[in-house]
Amino acid sequence: EAVDPGQREAALAMGMRPALLMRRVILPQAFRIALPPYGKTPSSLALVDIDYFKAINLHHGLAAGDEFLIGFAEFLRIVSPEDISISRVGGSRFGLLFPGWCAVRAKSACSEVVKVLDKLAYSDWEGRFTITASVGLSPVTADVDQTVKAAETALRFARAKGGNMVASHPIPGSSMSG
């Protein structure tokens, strides 16, 4: 099952910005399709953002930035568990949906992604530039907006602390453990 591509086209034709389209159209349907019924099994949402991505575009050009995003998406697919959904949600930001994963388990998986990327930055990129990512993690609730806002808040916290880390944001009434 997938979200009908015509809905994206219709929302864009009505002037909806891509970020709002993601939050109001795509994510609610993706949550409904990919997640077990809310309340029966915990699930988690992570927002992954490439630290200092604009520097890649500025120093190496937009085409190199685009190639980097494609490579980063492939990296996420390789190092992430098979049962999660990965999607680019805009700019240098990717969403990882962990159906049936409690926040502790999802945070462990996200920490591994950050750790592997950090090691690659020093051993495979020959010092041209380092590549790190920040992650904001939130438990999924019945309110998609609340879930996304909590993950965005955690992501901003991770970036404010210097990036290259995973931060989680508890939602009142939900559990970040389990």
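The numbers here are math on the coordinates, done by the rules we state, and not lab data. Everything numeric in this text was worked out from a predicted model, so none of it was measured. Every residue, glycine as well, gets a Cβ built from its backbone with ideal geometry; the counts of neighbours run over all protein chains shown.
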(Q) Students often forget the sequence filter, so: which aspartates and glutamates lie under 19 Å Cα-Cα from residue 161 once same-chain residues fewer than 8 apart are removed? (A) 49, 51, 112, 118, 152
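Hey, can you rank 64-72, 8-16 by average C-beta count inside 10 Å, highest first? Don't skip to the end; give the middle numbers.
Numbers: 64-72: 14.7, 8-16: 12.1.
By packing density, highest mean first, the sequence is 64-72, 8-16.
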Q. Between residue 8 and residue 156, what is the spin-label point distance in nm, taking each point 7 Å from the Cα along the Cα→C-beta axis?
A. 2.7 nm
Q | Length released on extending from residue 57 to residue 88, taking residue separation times 0.36 nm less the Cα-Cα span | A | 9.4 nm
Q. Taking the mean number of other Cβ atoms within 10 Å as a proxy for protection, how do you rank 154-164, 89-99 from highest to lowest?
A. 89-99, 154-164
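Taking the Cβ of residue 91 as the center, what net charge do the other residues with Cβ under 11 Å away carry, scoring Lys and Arg +1 and Asp and Glu -1? Before the final figure, lay out the partial values.
Values: positive: 54, 88, 93; negative: 49.
Taking every Cβ under 11 Å from that of residue 91, the sum is +2.
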